[in-house]
Amino acid sequence: MPIRSGDRVTLLGHDRPLSRRATDGSLVIDAPAAARRTGKHARVFKIAWSG
């Protein structure tokens, strides 16, 4: 999945964008503690492409 610098990653139930990076071909999303507490069983991430 191509992720570009202007793309925005959010977590359902959390109102701010999340930081992320690509490491060895994998997308790594840095979710703060407040975002991790929004759900216990599943998390839904949205990637809004900028272009």
Among (1) touching a residue at least 12 places away in the same chain (Cβ under 8 Å); (2) surrounded by 10 or more Cβ atoms within 10 Å (Cβ to Cβ), which single condition is Ser19 missing?
(1)
Among (1) open to solvent by 80 Å² or more (accessible area, probe 1.4 Å); (2) in contact (Cβ under 8 Å) with a residue 40 or more places away in the chain; (3) not polar (S, T, N, Q), the one test that Leu12 misses
(2)
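The values are calculated or read from the model by the stated rules, or taken from the named source; none is laboratory data. Predicted model only: the values in this text are computed from it and were never measured. Neighbour counts run over all protein chains shown; Cβ positions are idealised from the backbone, glycine included. Quick note on the areas: whole protein, heavy atoms, side chains included, nothing else; ligands and nucleic acids left out. Shrake-Rupley method; radii C 1.70, N 1.55, O 1.52, S 1.80 Å.
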